[in-house]
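Chemist: Have a look at this one.
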Amino acid sequence: MKSPSVDALRLHQQIDALAAISEAPAPVVTRILFSAADLQGREFVKNLCQEAGLALREDAAGNLFARWNGSDPQLQPVATGSHIDAIPNAGRYDGVVGVLGALAAVRALRQIGFAPRRSIELIVFTAEEPTRFGIGCLGSRLMAGALAPERAAALRDSEGRSLEDWRRDAGLAEKDLRSVRLAKGCYAGFVELHIEQGPTLEQEGLSIGIVEKIAAPSTLRLELVGTGGHAGAVLMPERRDALLAGAEIALAVEQAALTSGSPDTVGTTGIFRIEPGAVNSVPCRALLEIDLRDTQLATRDAALERIERSVQAICGRRKIEFQIERLNADAPAICDERLVETVANICRELGLPSKKMISRAYHDTLFMAQLCAATMIFIPSRGGVSHRHDEYSSPEQIRDGVAVLAHTLAKLAA
């Protein structure tokens, strides 16, 4: 096969154009699930896919599928893709490289006259980021059956609006969420291109990371209820301060991660909101969301249980009422060995230095691995930065990642 040539300039221009579609002004990018910016971004990608001659469909969760039909429709297709939603004040590359880069890979293969035997499907996943509902990978969870449609339909955002409310606004209400789930083995393989979101490749001077394992994520949501009152009138021994209980819990999360026995355990209290939020009022209510991850399920779960026990003890001592909910506690993903080796061989053929590695961030691949053989292709992130406006991967680094993806898709689809 003639080597596909990636149009890096065109891809870079498309990344910049999508970055301009944002709820917040440049240089940050914010696109939260089913917001006006998210819907506009989806239309932007749909138009590019149609220009590339791909057949489009959208499921009940808003997952987008753009298919390049192969010559043998009886064979399971090959899939690639990522997400375009972005947390508040994010950058332009997270997820987007795996969507627009996959489209660039398809264009490059078309340009050299490659004729796939298996269809190649580009997937734009709904809500990889947990911003709207506190649970990440919403679309791929539903596709893999890792989230029940009934539970998904009941999800509420910070304003009390449900997924059903947002689906109705997005014109998806007539589609049944139960139809989103896909059968195991529906794809012959799935490969996601993504920025590393860590410093390893840059520090070691490598072009490509090939993911062998994805860490196991979990999320806790806590509501703490104490007693409010005037900051000058309620004496210290009488206080039931929800903020102070939450602060102790956040420190307990840190300790659980530090003392888990695994170097890969990380714990973050990423959301901490209090009411009434006045300087002269004792906080009567606190809402916390906690992210805990590890590459090992046993140490992750032990740390999770320790945090839950700490919540009970702290709230009991401070006379705080609490509700605690596990939004998710997922298993790690082990990537397919043959697929990993296929990508490694392609890197060698292209002369791109690479290494096999673990992804400590989780991605839609975590759930696609429950449906089919899967892996990820990482490219370097400058300074290991991501989820910030200054995240950056160079056009050359992105081009190399797209080239590896194009060769991988061609090999799998031939």
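Chemist: Can ALA245 be described as surrounded by 15 or more Cβ atoms within 10 Å (Cβ to Cβ) and under 18 Å from ARG300 (Cα atoms)?
Modeler: Details: surrounded by 15 or more Cβ atoms within 10 Å (Cβ to Cβ): yes; under 18 Å from ARG300 (Cα atoms): no.
When the stated conditions are applied, ALA245 does not pass them.
Chemist: Free of Cβ contacts under 8 Å to residues at least 60 places away in the same chain and either at positive phi or open to solvent by 10 Å² or more (accessible area, probe 1.4 Å) (or both): which single residue out of GLY145, GLY171, GLY134, GLY185 fits that description?
Modeler: Values: GLY145 fails: free of Cβ contacts under 8 Å to residues at least 60 places away in the same chain; GLY134 fails: free of Cβ contacts under 8 Å to residues at least 60 places away in the same chain; GLY185 fails: free of Cβ contacts under 8 Å to residues at least 60 places away in the same chain.
Just a single option satisfies the conditions, and that option is GLY171.
Chemist: Could you figure out which of (1) small (Gly, Ala, Ser); (2) within 18 Å of the chain's Cα centre (by Cα); (3) at positive phi isn't true of GLY53?
Modeler: (2)
Chemist: For residues in the stretch 19-40 being touching a helix residue (DSSP H, G or I) at 6+ places or on another chain (Cβ under 6 Å) and outside any loop (DSSP other than H, G, I, E, B), which is surrounded by the most Cβ atoms within 10 Å (Cβ to Cβ)?
Modeler: That would be ARG31.
Chemist: Which of the residues that make up the stretch 297-336 are open to solvent by 80 Å² or more (accessible area, probe 1.4 Å) and among the polar types (S, T, N, Q)?
Modeler: Hits for the stretch 297-336 are GLN312, GLN323.
Chemist: Next question, about the same structure. From ALA173, ALA183, ALA257, grab the single residue that is in a helix (DSSP H, G or I) and either of a type in the set (A, V, I, L, M) or more than 15 Å from PRO283 (Cα to Cα) (or both). Step through it out loud before you land on a result.
Modeler: Values: ALA173 fails: in a helix (DSSP H, G or I); ALA183 fails: in a helix (DSSP H, G or I).
After applying the criteria, what remains is ALA257.
Chemist: A follow-up question, please. Restricting the stretch 151-168 to residues that are part of a helix (DSSP H, G or I) and small (Gly, Ala, Ser), which is most open to solvent (accessible area, probe 1.4 Å)?
Modeler: Taking the stretch 151-168 and keeping what is part of a helix (DSSP H, G or I), we get 151-153, 163-168.
Okay, now just the ones that are also small (Gly, Ala, Ser), so 152-153.
Numbers: ALA152: 0, ALA153: 27 Å².
Only one residue fits best here, namely ALA153.
Chemist: Tell me which residues, restricted to the stretch 41-68, are open to solvent by less than 40 Å² (accessible area, probe 1.4 Å) and among the small types (Gly, Ala, Ser).
Modeler: Selection gives GLY41, ALA52, ALA60, ALA61, GLY62, ALA66.
Chemist: Please give the strands (runs of 3 or more DSSP E) falling wholly within the stretch 78-150 in which 1 or more residues are within 22 Å of LEU33 (Cα to Cα) and touching a helix residue (DSSP H, G or I) at 6+ places or on another chain (Cβ under 6 Å).
Modeler: Numbers: elements: 78-83, 86-90, 120-125.
Once the strands (runs of 3 or more DSSP E) in the stretch 78-150 are filtered for at least 1 residues that are within 22 Å of LEU33 (Cα to Cα) and touching a helix residue (DSSP H, G or I) at 6+ places or on another chain (Cβ under 6 Å), what remains is 78-83, 120-125.
Chemist: Right, something else. So how many residues does the stretch 255-271 have that are over 18 Å from GLU129 (Cα atoms) and open to solvent by less than 50 Å² (accessible area, probe 1.4 Å)?
Modeler: So the answer is 6.
Chemist: Which residues, counting only those in the stretch 274-301, are of a type in the set (Gly, Ala, Ser) and in contact with a Ser or Thr (Cβ under 9 Å, 6 or more places away or on another chain)?
Modeler: First, pick out the residues of the stretch 274-301 that are of a type in the set (Gly, Ala, Ser): 277-278, 281, 286, 298.
Matches in the stretch 274-301: ALA298 only.
Chemist: Just to be sure before I move on: is GLN13 open to solvent by 60 Å² or more (accessible area, probe 1.4 Å), of a type outside the set (Gly, Ala, Ser) and free of Cβ contacts under 8 Å to residues at least 60 places away in the same chain in the structure I sent? First the steps, then the outcome.
Modeler: Numbers: open to solvent by 60 Å² or more (accessible area, probe 1.4 Å): yes; of a type outside the set (Gly, Ala, Ser): yes; free of Cβ contacts under 8 Å to residues at least 60 places away in the same chain: yes.
Judged against the criteria, GLN13 is a match.
Chemist: Hey, any hits in the stretch 196-205 for a residue that's open to solvent by 10 Å² or more (accessible area, probe 1.4 Å) and in a strand (DSSP E or B)?
Modeler: No, every residue in the stretch 196-205 fails to be open to solvent by 10 Å² or more (accessible area, probe 1.4 Å) and in a strand (DSSP E or B).
Chemist: Tell me the residue from ALA361, ALA406, ALA344 that is over 18 Å from the mean Cα position of the chain (by Cα) and surrounded by fewer than 23 Cβ atoms within 10 Å (Cβ to Cβ), please.
Modeler: Numbers: ALA361 fails: over 18 Å from the mean Cα position of the chain (by Cα); ALA406 fails: surrounded by fewer than 23 Cβ atoms within 10 Å (Cβ to Cβ).
Checking each option against the conditions leaves just ALA344.
Chemist: Between a residue in the stretch 69-89 that is within 12 Å of TYR187 (Cα to Cα) and open to solvent by less than 30 Å² (accessible area, probe 1.4 Å) and any residue that is assigned to a loop (DSSP other than H, G, I, E, B) and aliphatic (A, V, I, L, M), which pairs come within a Cβ distance under 8 Å, given they are 6 or more apart or on different chains?
Modeler: Every condition considered, the pairs that remain are PRO77/ALA188; VAL78/ALA188.
Chemist: Sticking with this one: In the stretch 229-242, what residues are open to solvent by 70 Å² or more (accessible area, probe 1.4 Å) and assigned to a helix (DSSP H, G or I)? I'd like the intermediate steps shown before the answer.
Modeler: Within the stretch 229-242, the first condition is being open to solvent by 70 Å² or more (accessible area, probe 1.4 Å), and the residues that meet it are 230, 233, 235-238.
Scanning the stretch 229-242 gives MET236, PRO237, GLU238.
The values are calculated or read from the model by the stated rules, or taken from the named source; none is laboratory data. From a predicted model like this one, the values you see are computed outputs, not experimental measurements. So basically every Cβ, Gly included, is an ideal-geometry build from the backbone, and we count neighbours across all protein chains shown. Surface areas here come from the heavy atoms of the whole protein model, side chains and all, with no ligands, DNA or RNA. Shrake-Rupley method; radii C 1.70, N 1.55, O 1.52, S 1.80 Å.
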